[in-house]
1. Counting only helical runs of four or more DSSP H residues, what would the 222 nm mean residue ellipticity of the chain come to if each run contributes -39,500 (n - 2.57) and the total is spread over all its residues?
2. From the backbone phi of the stretch 319-335, what are the Karplus-calculated ³J(HN,Hα) couplings (6.51 cos²θ - 1.76 cosθ + 1.60, θ = phi - 60°) in whole Hz, Gly and Pro given as x?
3. Would you tell me the accessible area of residue 181, worked out with a 1.4 angstrom probe on the heavy atoms of the protein chains, in Å² to the nearest 10?
4. Any chance you could run the full-extension gain for residue 150 through residue 73? It's 0.36 nm times the residue separation minus the Cα-Cα distance, nm to one decimal.
5. Lysine pairs in the chain with Cα distance under 23 Å, only those 8 or more apart or on different chains: how many are there?
6. Report ³J(HN,Hα) in whole Hz for each residue of the stretch 220-227, in order, from the Karplus equation J = 6.51 cos²θ - 1.76 cosθ + 1.60 where θ = phi - 60°; Gly and Pro get x.
7. Between residue 234 and residue 274, what is 0.36 nm times their sequence separation minus the Cα-Cα distance? Round to one decimal in nm.
8. Could you rank the peptides 164-176, 267-279 by their average count of other C-beta atoms within 10 Å per residue, with the highest value first?
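The values are calculated or read from the model by the stated rules, or taken from the named source; none is laboratory data. Here the structure is a predicted model, which is why all the values come from computation and not from measurement. Note that each Cβ is placed from the backbone with ideal geometry, even for glycine, and that neighbours are counted across all protein chains shown. Please note that ligands, DNA and RNA were not included when accessible areas were found on the heavy atoms of the full protein model with its side chains. Shrake-Rupley method; radii C 1.70, N 1.55, O 1.52, S 1.80 Å.
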Amino acid sequence: MSAKSARTRVGIVGAGPSGLMLSHMLHLAGIDSVVIEQRSRAYIENRIRAGVLEHDVAELLRSTGLGARLNALGLPHEGTQLLFAGQPHRIDFAALTGKHVTVYGQHEVVRDLVAARLEAGGELVFGAEDVAVEGVQSGSPAITYTSAGVAHRLDCDVIAGCDGFHGICRPAMPAGHLKIFDRIYPFGWLGILADAAPSAEELIYANHENGFALLSMRSPTVSRMYLQCAPDEDVALWSDDRIWSELEVRLAHEGFALHTGKITQKSVTPMRSFVAEPMQCGRLFLVGDAAHIVPPTGAKGMNSAIGDVVVLSRALERFFAGRGSEGLEEYSKICLRRIWKTQRFSWWMTTMLHRMDHGDFDRRVQLAELDYVTGSVAGSTTLAENYVGLPLT
Ligand code: FAS
Ligand code: PHB
């Protein structure tokens, strides 16, 4: 039986922050798109991942009509604490940059985007199977997929590969087209979600002899915390008690008391830095994790995905308005300039804060770097301006 066919300007593979935000920005520009997602709506709206929005990303969500829940539930943070040698040191984002970040879970951003797209009559296909792209080097690419047992073909002018690190779009590029830059770290993060009031007002990044720890949060009653562990750590070996007692050790400092509670989620995330260049091939454009991955220490994953969306949506707006294809031709070059800066910052935060087992000399240098960064206005400013986010445009 032949496939059901349809046509759209921009076919989008993946309904994570990249795909949904791109579809939202295109809609605001009057450009139609269809989002093809393999998972269910419930799955993507409950997938716990990133937690911090850069200043300009939060402003972009507000300026594109997505500020209601963000303003109600988001937690503005004007600084963060770096804890090392048992002493906390505050980096004052507001004083150093005039900007702040907002703690607001990625799953909340996804919920807001799904609601906005459905309210605007956007076409989101959930539960798609056998998704494939074809003709990306022709002027008429297409996405094929099966939905509810029916074969579909979506003819597009452009395809956006927003399907994450394990998606099908990056592998659909011709052999030899991509140059891959990859670094795999010898550790991962054991992350928990707990019904426990955050034990501090702001995030605490701790460099401890036992390993890195991060105190984060999702709301006044939900904590999000992480422990450095082996990249292939068996989460079953970590009882709730063991997790709380290790967090207590790594976060210990004068006046600090760890609030514990019911752990509702535990998972281990491996750490890697990854970039695929170029981020485009013909009419296929890679966005977000489909093109690049960072260790989450700098809270850049979702934020850099949104950065790509801003560049691509503006280039597509010019292209479909008949104002030329330069923006599309320059897409990868423009994105990679900002991406490599977020890669550097994420690598820097990761190597400065994690136990690296590179010997005593390197350990002393690591502590000296933390001492310098937290004791120098120049050092603190470089961390602050990268953390709150480099300009989106
Ligand atoms: P995503 O991976 O979010 O979305 C891709 C979408 O494409 C998914 O919904 C997927 O189901 C879909 N898809 C994949 N293959 C498909 C196919 N063949 N057909 C159709 N759909 C397909 N970042 C932080 O800043 N802080 C964190 O703490 C943090 N923790 C993370 C933990 C984990 C386990 C992971 C994997 C990532 C984490 N990240 C974190 C990074 C994360 O937030 C990403 O940067 C962000 O999700 C990027 O968004 P997208 O590019 O939309 O990719
Ligand atoms: C989170 O809250 O999930 C989070 C916060 C900051 C990070 C990484 C993760 O650097």
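1. Working: 12 runs with 137 residues, N = 393.
My calculation for the chain gives -10500 deg cm²/dmol from helical runs alone.
2. Using θ = phi - 60°, the values come out as 4, 6, 8, x, 9, x, 10, 4, x, 5, 5, 9, 3, 4, 4, 5, 5 Hz.
3. 70 Å²
4. Numbers: separation 77, 0.36 × 77 = 27.72 nm, distance 3.99 nm.
Answer, rounded to one decimal: 23.7 nm.
5. The number of close lysine pairs in the chain is 9.
6. x, 10, 10, 9, 10, 9, 9, 10
7. Details: separation 40, 0.36 × 40 = 14.40 nm, distance 2.41 nm.
Full-extension gain reported as 12.0 nm.
8. Numbers: 164-176: 15.8, 267-279: 18.2.
In decreasing order of mean packing, 164-176, 267-279 become 267-279, 164-176.
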